[in-house]
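Q: Got a structure here, written out as structure tokens. Questions coming.
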Amino acid sequence: YDFDFTHVDDTGTVYERGGHIYKRPCGWDRIALKVSGQYEDDRWLGSSGLPGEWPVSYHGTRKSGAEGITKEGYDEKKLFRDLHGKGHYSTPDINVAADEMYAASFPFEDKIYQAVMQNRVNLSPGHTTIIPKEETYAGAEYYVTPSNDDLRAYGICIREVVNQ
């Protein structure tokens, strides 16, 4: 669902999705993608801790990348990073995904914005490699997901960049 987290502060509140901590995209406006009913079932998208629920991750990208992912999903032919293995890179921390190196800012109607994809990721063994934050030097884990089937975008988070 669409949700404006622009003025939300979750300090002291813990959320979980898929048995992992879910850091909500505070400071961002999330626009939902229509994904319900697009797969064999919707358990991966759950929010109550039931079996089959996948954790949340974020993927920083350029505006054109966000447009492509929104229309077609993740594309295995566009796997550019392979520092920790070949796959789509995402993280449970939107602030890491929002680094300008990944989520390049773009102009729109005289303002500057960033876009980050909000996903669910299959962390079952053999589907995604978890790179510990001690190895990423980014302050958060990376998830390296080789298959499009195991990383599903369900929202695009947008924020205005001020003081760039």
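The values are calculated or read from the model by the stated rules, or taken from the named source; none is laboratory data. As the structure is a computational prediction, the values presented were derived from the model and not from experiment. Note that each Cβ is placed from the backbone with ideal geometry, even for glycine, and that neighbours are counted across all protein chains shown.
Q: Could you look through segment 77-103, keep only residues that are surrounded by 13 or more Cβ atoms within 10 Å (Cβ to Cβ) and among the acidic types (Asp, Glu), and pick out the one that is modelled with the lowest pLDDT?
A: 99
Q: Give 51, 146 a once-over and let me know the one that is more than 11 Å from the chain's Cα centre (by Cα), under 19 Å from residue 22 (Cβ atoms), at pLDDT below 95 and not charged (D, E, K, R).
A: Just one listed residue meets the conditions, 51.
Q: Taking the condition touching a helix residue (DSSP H, G or I) at 6+ places or on another chain (Cβ under 9 Å) and among the basic types (Lys, Arg), does residue 78 pass?
A: In short, yes.
Q: Same structure, new question: Out of the residues in segment 56-76 meeting the condition of being assigned to a strand (DSSP E or B) and touching a Phe, Trp or Tyr at 6+ places or on another chain (Cβ under 8 Å), tell me which one is surrounded by the most Cβ atoms within 10 Å (Cβ to Cβ).
A: Only one residue fits best here, namely 57.
Q: A follow-up question, please. Taking the condition surrounded by 13 or more Cβ atoms within 10 Å (Cβ to Cβ), of a type outside the set (Val, Ile, Thr) and in contact with a strand residue (DSSP E or B) (Cβ under 8 Å, 6 or more places away or on another chain), does residue 18 pass? Break it down stepwise before answering.
A: Details: surrounded by 13 or more Cβ atoms within 10 Å (Cβ to Cβ): yes; of a type outside the set (Val, Ile, Thr): yes; in contact with a strand residue (DSSP E or B) (Cβ under 8 Å, 6 or more places away or on another chain): yes.
It is true that residue 18 is surrounded by 13 or more Cβ atoms within 10 Å (Cβ to Cβ), of a type outside the set (Val, Ile, Thr) and in contact with a strand residue (DSSP E or B) (Cβ under 8 Å, 6 or more places away or on another chain).
Q: If you don't mind, there's one more thing I want to ask. Quick one: what pairs do we get from segment 8-20, first residue under 16 Å from residue 143 (Cβ atoms), second among the β-branched types (Val, Ile, Thr), C-beta under 6 Å, 6+ apart or different chains?
A: 17/56
Q: Considering only segment 129-147, I want to know if a residue exists there that is free of Cβ contacts under 8 Å to residues at least 24 places away in the same chain and among the aromatic types (Phe, Trp, Tyr).
A: Start the filter on segment 129-147 by keeping residues that are free of Cβ contacts under 8 Å to residues at least 24 places away in the same chain, which leaves 130, 132-134, 137.
Those still in the list that are among the aromatic types (Phe, Trp, Tyr) too: 137.
Yes, segment 129-147 contains a residue that is free of Cβ contacts under 8 Å to residues at least 24 places away in the same chain and among the aromatic types (Phe, Trp, Tyr).
Q: Filtering segment 27-55 down to residues that are surrounded by fewer than 16 Cβ atoms within 10 Å (Cβ to Cβ) and in contact (Cβ under 8 Å) with a residue 40 or more places away in the chain, which residue is nearest to residue 69 (Cα to Cα)?
A: For segment 27-55, the residue satisfying everything is 32.
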